[in-house]
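**Q** Just passing along the structure, written as structure tokens.
The values are calculated or read from the model by the stated rules, or taken from the named source; none is laboratory data. These figures come from a predicted structure and were not determined experimentally. Cβ coordinates were reconstructed from backbone atoms using ideal geometry, including for glycine residues, and neighbour counts include every protein chain displayed.
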Amino acid sequence: MTAKSIISIRGLSNSFGDDRIHQGLELEVRRGEILGVVGGSGTGKSVLMRSIIGLQTPDEGEIDVLGENMIGRDDLEAKNIRRRWGILFQNGALFSTLTVAENVQVPIREYFPFIKPPLLDEIAGYKIAMSGLPADAGPKYPSELSGGMRKRAGLARALALDPELLFLDEPTAGLDPIGAAAFDELILNLKERLELTVFLITHDLDTLHAICDRVAVISDQKVVAVGTIDELLALDHPWIQEYFNGPRGRAASAGLNKGHGEA
Amino acid sequence: MRVNQADSPASRDSDDAGVYRMSGSLTITRAASTERELDAAPDPLKIDLSAVKKMDTVGAWLIHRAMRDRQAKVVGASPDIEKLLEQVADADHPGRVRPEQRSAPMQALDELGEWTSEAGRTLVGLLGFLGAVLIGFAAIARHPKRFRLNAVVQRFDLVGVRALGIIGLMTFLIGVVIGQQGAVQLAAFGAEVYTINLIGRLSIRELATLMTAIMVAGRSGSAFAAQLGTMKITEEIDAMRTIGVSPVEALVIPRLLAAVIMMPLLAFFAMMMSLLGGGVYVWVDLGIPPATFIQRIQEVVPLTDLYVGLIKAPVFGFIIALSGCFQGMQVEGNSEQVGMRTTAAVVQSIFLVIVLDAVFAVFFSQIGWL
């Protein structure tokens, strides 16, 4: 593991019953990059993320996150590492009985019980604002928010502890194109300002083109390639070619080039 | 944020000119103590950040807050820290974080009002739901093909057959308890033989049906509410509606029918189990043989008692299923609601069952079925 890599996975294997999901999967995530993870449905992108964050115990393999081995760690030890990452689940996974502000405060309360309520409220307030939510979103319950706002609230909670590492599971799925573009920009912005490393699972080609530094392609139970989109395009892998050069892939890439031309 | 300027002798590393020096890492880990120290530092405040190695947004927020509220001057900030300070300043929009709180008496009044209107709404809603159910029955009567036999039979199994064990055990024990308590009291008058009257009439007229209703409310009424409530949250019920399937016909009516049909059967089974329990008790403890017990039961329990017990049963079943389904359909929003509504369904149905039982008791006495 090099000093620059923040996540390092070696020889990861996962299976559900007889279904083999990963076999000998290797992946390095470098500090300060946005790594996009793509792959067809059912190739185990979410399982990979769940393995890294410890929700799924792999059959074999080694996973180092922030320089610490994550496999077989007990909860107490893992807690210190968990503090240093934030996770945005696909549907936000906000606690439905708490308001948005209280959701953001949950991790802070858990790790820093001595912070006084007024300061907690202020912290929740600016985290909510940083995530691009309107000022009146704080006292609302998740059920009162739209899908896009729920994602932003989930992001605010993921950012609660100023993580070094941010996991995003399909952040733009289910958002309208304008909302998705705004969310991409938000992530890019936050990444630059807060010096985050982002592990991003997505199907959204526009997101890949717009914000990812590198893209990892999962296929055939392993990571078949990692690189910039240009590097990937140079490869002769049928799925990658199909993915980036299919009608949607071309449209996304054309849209980006056009955007660059105008700028 | 205006804080005690004169108090606390300066025991921190601030010099006489009011320069407050911070060092090391200024992060969330130190947020509570940093806040305290900053609050205690006297105005005018000058903060020296040149020795700060690491800062996160919480640290930046504390500095920003001092700058905003106390016009604190910041010196020695590195470009990275400057950037961080700018960012939290950007995110500083005055916004509410908590729902508005009102004074205690107003809140009590508020809650009373809310409670009253909620009770009214529930009553009207239940009436409306009853109407919707009756319309559903009428629709099925007109188009018998839309009747979902499979769903109903499946509910029979869940509501009826699977409840046999627990209801049988419960009422058997109740029979034993009636016999035992009755025998103890009646022994004082040398009238132990009347224990059989007590067991027979209490079991058949009142307790078997009532206890069965309570058990069905707890087992099935709650399950109805939880199932429908979850389906409401996952939008399954909306999906049904848009496909053109009426949720009342597909979900509510099978459950209602199952409860209405199963309740008298379960109640009859409960009566028999209760008699069995009582019979076993008097045989073992009082030495009355089963044949005598059965003969006495035939003599002392009028057939009208059986009618009373069995007429009440389907009505109770209807009430239980109605309030279970009604509460389930009221679920909106989040998962906590499912729990609340399930509780409400059980409480409401048991309450209504007992009220109705009292009404029935008076009614049957008045018509001469003593």
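**Q** Every residue in segment B:35-46 that is away from every other protein chain (no Cβ under 12 Å) and within 25 Å of A:Ile108 (Cβ to Cβ), please.
**A** Within segment B:35-46, B:Glu37, B:Ala40, B:Ala41 meet the criteria.
**Q** Then there is this: Considering each residue of segment A:102-120, count those that are surrounded by 18 or more Cβ atoms within 10 Å (Cβ to Cβ) and of a type in the set (D, E, K, R), and give that number.
**A** Count: 1.
**Q** Among (1) within 30 Å of A:Leu175 (Cβ to Cβ); (2) in a helix (DSSP H, G or I); (3) within 20 Å of the chain's Cα centre (by Cα), which single condition is A:Leu27 missing?
**A** With respect to (1) within 30 Å of A:Leu175 (Cβ to Cβ); (2) in a helix (DSSP H, G or I); (3) within 20 Å of the chain's Cα centre (by Cα), A:Leu27 is out only on (2).
**Q** If A:Leu119 satisfies every condition in (1) at pLDDT 85 or above; (2) more than 9 Å from chain B (Cβ to nearest Cβ) but one, which is the exception?
**A** (2)
**Q** Can I ask one more? Test of understanding: among A:Ile211, A:Ile128, which residue is of a type in the set (Val, Ile, Thr), under 21 Å from the mean Cα position of the chain (by Cα), closer than 17 Å to B:Trp61 by Cβ and modelled with pLDDT of 85 or more?
**A** A:Ile128
**Q** Here is a follow-up. Report, ordered by the first and then the second residue, all pairs with beta carbons closer than 6 Å, sequence separation of six or more or different chains, a first member in segment B:223-250 that is closer than 20 Å to B:Leu322 by Cβ and assigned by TED's automatic domain parsing to the domain that holds B:Arg155, and a second member that is hydroxyl-bearing (Ser, Thr, Tyr) and modelled with pLDDT of 85 or more.
**A** The qualifying pairs are B:Ala225/B:Thr342; B:Ala226/B:Thr342.
**Q** Being surrounded by fewer than 21 Cβ atoms within 10 Å (Cβ to Cβ), without any contact (Cβ under 8 Å) to a residue 60 or more places away in the chain and within 30 Å of A:Ser13 (Cβ to Cβ) is true for just one of A:Asp213, A:Asp220, A:Asp230, A:Asp206. Which residue is that?
**A** The unique qualifying residue is A:Asp220.
**Q** Among the helices (runs of 4 or more DSSP H) confined wholly to segment A:136-227, which include 1 or more residues that are farther than 23 Å from A:Leu98 by Cα?
**A** Passing ranges, in order: A:177-194, A:205-211.
A quick yes/no check of all residues on (1) touching a residue at least 60 places away in the same chain (Cβ under 8 Å); (2) in a helix (DSSP H, G or I); (3) closer than 22 Å to B:Glu86 by Cα:
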site	(1), (2), (3)
A:Gly86	yes, no, no
A:Gly92	yes, no, no
A:Ile108	no, yes, no
A:Pro113	no, no, no
A:Gly125	no, yes, yes
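**Q** To continue, here is another question. Looking at segment B:71-85, which of the residues that are loosely packed, with under 13 Cβ neighbours inside 10 Å and part of a helix (DSSP H, G or I) is farthest from the chain's Cα centre (by Cα)?
**A** Here the residue is B:Pro79.
**Q** Among the residues of segment B:109-125, which ones are more than 17 Å from B:Met340 (Cβ to Cβ) and surrounded by 11 or more Cβ atoms within 10 Å (Cβ to Cβ)?
**A** B:Leu109, B:Asp110
**Q** Got a sec? Which of B:Leu306, B:Leu286 is within 30 Å of B:Val184 (Cβ to Cβ) and more than 38 Å from the chain's Cα centre (by Cα)?
**A** When all the criteria are applied, what remains is B:Leu286.
**Q** Can you work out which of the residues in segment A:129-139 that are touching a residue at least 24 places away in the same chain (Cβ under 8 Å) and at the interface with another protein chain (Cβ under 7 Å from one of its Cβ atoms) is surrounded by the fewest Cβ atoms within 10 Å (Cβ to Cβ)?
**A** My answer is A:Pro139.
**Q** Hey, another quick one. Which of the residues spanning segment B:81-119 are free of Cβ contacts under 8 Å to residues at least 12 places away in the same chain, within 13 Å of chain A (Cβ to nearest Cβ) and among the polar types (S, T, N, Q)?
**A** Listed by number, the list holds a single entry, B:Gln101.
**Q** Let me ask something else about it. Taking only segment A:159-181 into account, find how many residues are within 13 Å of chain B (Cβ to nearest Cβ) and crowded, with 20+ Cβ neighbours inside 10 Å.
**A** 5
**Q** Which of (1) exposed (fewer than 13 other Cβ atoms within 10 Å of the Cβ); (2) touching a residue at least 40 places away in the same chain (Cβ under 8 Å); (3) of a type in the set (A, V, I, L, M, F, W, C) is the odd one out, the single condition B:Ala188 does not satisfy?
**A** Evaluating B:Ala188 over (1) exposed (fewer than 13 other Cβ atoms within 10 Å of the Cβ); (2) touching a residue at least 40 places away in the same chain (Cβ under 8 Å); (3) of a type in the set (A, V, I, L, M, F, W, C) leaves (2) as the failure.
**Q** Give me the pairs, please: first residue somewhere in segment B:330-359 and facing chain A (nearest Cβ under 10 Å), second residue anywhere and among the small types (Gly, Ala, Ser), beta-carbon distance under 8 Å, and either six or more positions apart or on two chains.
**A** B:Glu332/A:Ser143; B:Gly333/A:Ser96; B:Gly333/A:Ser143; B:Asn334/A:Ser96; B:Asn334/A:Ser143; B:Ser335/A:Ser96; B:Glu336/A:Ser96; B:Gln337/B:Gly229
**Q** Here are some conditions: (1) touching an Asp or Glu at 6+ places or on another chain (Cβ under 6 Å); (2) of a type in the set (A, V, I, L, M, F, W, C); (3) at positive phi. A:Phe89 meets all but one. Which one does it not meet?
**A** (3)
**Q** Give me the residue from segment B:47-70 that is in contact with a Gly (Cβ under 9 Å, 6 or more places away or on another chain) and surrounded by fewer than 18 Cβ atoms within 10 Å (Cβ to Cβ) and, out of that set, nearest to the other protein chains (Cβ to nearest Cβ).
**A** So the residue we want is B:Lys54.
**Q** (1) buried (at least 16 other Cβ atoms within 10 Å of the Cβ); (2) at pLDDT 95 or above: which one isn't true of B:Leu169, the others all being true?
**A** (1)
**Q** On to the next question. Can you give me the number of residues within segment B:64-80 that are in contact (Cβ under 8 Å) with a residue 24 or more places away in the chain and closer than 15 Å to B:Leu38 by Cα?
**A** 10
**Q** Inside segment A:82-101, can you point out the residues that are farther than 30 Å from A:Asn69 by Cα, surrounded by 21 or more Cβ atoms within 10 Å (Cβ to Cβ) and either more than 9 Å from chain B (Cβ to nearest Cβ) or not small (Gly, Ala, Ser) (or both)?
**A** Of everything in segment A:82-101, those that are farther than 30 Å from A:Asn69 by Cα, surrounded by 21 or more Cβ atoms within 10 Å (Cβ to Cβ) and either more than 9 Å from chain B (Cβ to nearest Cβ) or not small (Gly, Ala, Ser) (or both) turn out to be A:Thr99, A:Val100.
**Q** Give the residue that is surrounded by the most Cβ atoms within 10 Å (Cβ to Cβ), with candidates limited to residues of segment B:146-159 that are in contact with a Ser or Thr (Cβ under 9 Å, 6 or more places away or on another chain) and modelled with pLDDT of 90 or more.
**A** Among residues in segment B:146-159 that are in contact with a Ser or Thr (Cβ under 9 Å, 6 or more places away or on another chain) and modelled with pLDDT of 90 or more, the one surrounded by the most Cβ atoms within 10 Å (Cβ to Cβ) is B:Val159.
**Q** Inspect segment A:50-58 for any residue being within 14 Å of chain B (Cβ to nearest Cβ), of a type in the set (Lys, Arg) and outside any strand (DSSP E or B) and give the result as yes or no.
**A** no
**Q** Please specify each residue of segment B:124-181 satisfying the condition of being among the charged types (D, E, K, R) and without any contact (Cβ under 8 Å) to a residue 12 or more places away in the chain.
**A** Scanning segment B:124-181 gives B:Arg142, B:Lys145, B:Asp157, B:Arg162.
**Q** Mind checking whether some residue in segment B:1-8 is within 14 Å of another protein chain (Cβ to nearest Cβ), surrounded by 13 or more Cβ atoms within 10 Å (Cβ to Cβ), modelled with pLDDT of 80 or more and not in a strand (DSSP E or B)?
**A** Checked against the condition, which is being within 14 Å of another protein chain (Cβ to nearest Cβ), surrounded by 13 or more Cβ atoms within 10 Å (Cβ to Cβ), modelled with pLDDT of 80 or more and not in a strand (DSSP E or B), segment B:1-8 yields no hits at all.
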